Amino acid sequence: MRRHVWAGLAENPALPVEAVDRLVELPELSMELSERSVLTAGQVEVLAGRGVVEARILAESGQLTAARVDPVRQPVAALGLLRAGLAPTRWAAVLVERPELRAELAACPGLPAEVARRLAGDAELAVVVELAEETTDPEVAALLAAHPSEHVRAALGFNEGAPPAVLADLINDRPPLASCDTCARHPVPWVHPPDCPDPDCTLPGGAACDGTHQYARHMILRVVLWNPATPVAAAMRYLDAPSAFLRERLAARTDLPAHAYAALAADPAIWVREPLASNPAIGDELLRRLAEDPSDEVRRSAAHHPLIALDVLDRLCGTVRLGPLLPPRIAAATRAELDATATAANPELRRLTALRRDLPDPVRDLLAADPVAKVAAAVAPHPGLDDGQLRAMRRRHGRAVAAGIAANPDASTDLLAELVHADHNVATLRALADHPAADGATLTACLRDARARRKAAAHPALPLPQLLAMLDDSDPVTAQSAAANPALPVAELLRLMPGAG
């Protein structure tokens with residue numbers, strides 16, 4: 001039997017406990033088994049000893065507790081509890097003696113100071129990088145900011161819990177970086193060629209060093225400038241940086257002075273103006289200017305600004321395609337504003353309004369009766385619409401709204417069945433395939449689409465003959481979903497077990 005079918009069995013809540021014991025014997029199924037909501041104490045102990053991730057999953061589900069674990073005898077389980085923040089921090093002093101576990105240990109929150117300092121001096125770079133991403137200890141952070149590796153400094157720069165003074169030191173290169181990966185491997189000056197002839201070279205494409213370690217410094221600066229804990233005064237030094245990648249990071253910050261945002265709004269690089277346009281810290285005047293930007297990407301970003309004026313959003317709807325995401329401004333609109341946008345002359349603004357799933361009933365019903373198909377399609381999945389309204393939408397707009405109707409949680413079994421006999425597309429089948437109210441005939445009709453098959457295979461209403469056939473499906477995801485289906489009879493589950501038959 002193929003491994004993915006056994007993985008499906010491991011996920012199946014209907015699998016008898018004695019069968020779970022047999023699957024626990026297979027280490028490759030440990031992750032799937034750890035996700036089960038009910039395991040015996042013995043099963044939990046075995047799985048928690050297999051890996052830190054499995055132990056953490058079990059700890060977070062409440063099946064593995066500190067009271068049942070001895071950190072000396074069960075170090076992996078103990079580490080999983082520590083990673084979940086559910087074990088005494090004193091256990092770290094025991095686990096630090098296990099070199100193979102130090103990288104995982106370094107990523108644990110709230111390590112004792114003496115353990116953190118020991119990990120900061122570890123010979124394995126991966127251990128120190130993990131510590132740099134997590135530590136909030138000022139003394140340890142100061143040690144890591146002086147680390148000779150650019151990777152450790154960059155990891156610390158990404159850490160939002162690092163002290164602002166330490167982040168300022170990283171920006172100002174204090175103490176100066178003495179070397180980098182590039183000059184450690186090549187005499188300077190050296191620039192990584194675009195067609196590098198060395199098949200074993202692991203340096204990134206832009207790597208270069210002229211003695212100032214400029215590529216490594218740039219990598220560190222990119223993450224530190226992004227970090228909201230970095231002091232504004234230190235970050236502002238790079239407002240006129242030659243690298244647009246550094247200015248881009250500044251454009252996403254919400255704590256810069258107004259003149260900095262004005263300068264960034266005039267930046268020649270689109271990828272600097274784009275994050276700026278959705279930055280909630282910029283004022284209305286600047287936002288209106290960016291909403292007139294020649295770049296579609298910048299204008300689209302402005303449309304997703306949480307404070308954009310509705311008249312500006314209305315104009316943007318006519319210049320850029322905004323896609324299926326609900327703009328934050330519409331998500332926060334008041335009832336009076338919703339009344340206005342739902343009756344706007346611009347059908348695209350009405351469509352954006354229809355994407356909300358908490359509309360007042362009168363607004364929802366108005367949009368459901370909209371004469372424009374894309375508006376009706378957007379509101380079709382909204383809870384509270386009855387079968388009469390959904391059928392009326394289908395009569396008006398046909399297949400254009402079928403997928404939305406199929407995704408409506410209140411659609412009836414009969415209505416769902418009608419959809420597969422009417423004109424529809426594959427998006428309709430994919431929505432039907434995991435609708436809780438879909439019946440066996442409707443699900444069977446969905447099987448002709450590969451992506452819908454994957455969803456239908458997990459549906460408890462799928463007829464048993466089709467479900468059994470899908471256990472041998474050529475697509476491993478479909479077969480695994482079928483094996484995880486709780487509608488499978490216990491006899492079939494046992495027949496699929498490793499070594500059975």
Q.
For the condition open to solvent by 70 Å² or more (accessible area, probe 1.4 Å) and part of a loop (DSSP other than H, G, I, E, B), what is the one hit in 109, 176, 71?
A. 176
Q | Residue check, residue 262 part of a helix (DSSP H, G or I) and of a type in the set (A, V, I, L, M) | A | yes
Q. Cβ-Cβ below 8 Å, separation at least six or inter-chain, first residue in the stretch 308-321 and free of Cβ contacts under 8 Å to residues at least 24 places away in the same chain, second buried (at least 20 other Cβ atoms within 10 Å of the Cβ) and of a type in the set (Phe, Trp, Tyr): which pairs?
A. none
Q.
I'm trying to understand the selection: among the residues of the stretch 202-232, which are assigned to a helix (DSSP H, G or I) and closer than 16 Å to residue 173 by Cβ?
A. 214, 215, 216, 217, 218, 219, 220, 221, 222, 223, 224, 225
Q: Filter the stretch 24-52 down to residues that are surrounded by 15 or more Cβ atoms within 10 Å (Cβ to Cβ) and assigned to a helix (DSSP H, G or I), then give me how many there are.
A: 14
Q | Residue count for the stretch 321-369, restricted to those that are within 21 Å of residue 277 (Cα to Cα), open to solvent by 20 Å² or more (accessible area, probe 1.4 Å) and hydrophobic (A, V, I, L, M, F, W, C) | A | 4
Q | Extreme residue, nearest to residue 412 (Cα to Cα), among residues of the stretch 427-451 that are of a type outside the set (Asp, Glu) and part of a loop (DSSP other than H, G, I, E, B) | A | 437
Q) Which of the residues that make up the stretch 405-426 are open to solvent by less than 10 Å² (accessible area, probe 1.4 Å) and assigned to a helix (DSSP H, G or I)? A) 405, 406, 415, 416, 419
Q: Out of 478, 444, report the one residue that is in contact with a helix residue (DSSP H, G or I) (Cβ under 9 Å, 6 or more places away or on another chain), buried (at least 21 other Cβ atoms within 10 Å of the Cβ) and of a type in the set (Val, Ile, Thr).
A: 478
Q. Quick one: would you say residue 254 is hydroxyl-bearing (Ser, Thr, Tyr), open to solvent by less than 50 Å² (accessible area, probe 1.4 Å), at pLDDT 95 or above and not in a helix (DSSP H, G or I)?
A. no
Q: Name, by its number, the condition in (1) in a helix (DSSP H, G or I); (2) at pLDDT 95 or above that does not hold for residue 492.
A: (2)
Q. Within the stretch 370-390, how many residues are open to solvent by 60 Å² or more (accessible area, probe 1.4 Å) and part of a helix (DSSP H, G or I)?
A. 1
Q.
Out of 472, 439, I need the residue that is surrounded by fewer than 22 Cβ atoms within 10 Å (Cβ to Cβ) and farther than 25 Å from residue 18 by Cα. Which one?
A. 439
Q. In the stretch 184-226, which residues are modelled with pLDDT of 90 or more, over 19 Å from residue 149 (Cβ atoms) and among the hydrophobic types (A, V, I, L, M, F, W, C)?
A. 191, 225, 226
Q) Hey, any hits in the stretch 330-339 for a residue that's assigned to a loop (DSSP other than H, G, I, E, B), without any contact (Cβ under 8 Å) to a residue 60 or more places away in the chain, in contact with a Ser or Thr (Cβ under 8 Å, 6 or more places away or on another chain) and not aromatic (Phe, Trp, Tyr)? A) yes
Q: Restrict the check to the stretch 206-229 and report whether at least one residue is of a type in the set (Asp, Glu) and either within 28 Å of residue 160 (Cβ to Cβ) or surrounded by 14 or more Cβ atoms within 10 Å (Cβ to Cβ) (or both).
A: no
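The values are calculated or read from the model by the stated rules, or taken from the named source; none is laboratory data. Everything numeric here is computed off the predicted structure, so don't read it as measured data. Heads up, the Cβs are rebuilt from the backbone with ideal geometry, glycines too, and the neighbour counts pull from every protein chain shown. Protein only, heavy atoms only, side chains kept; ligands, DNA and RNA dropped before computing areas. Shrake-Rupley method; radii C 1.70, N 1.55, O 1.52, S 1.80 Å.
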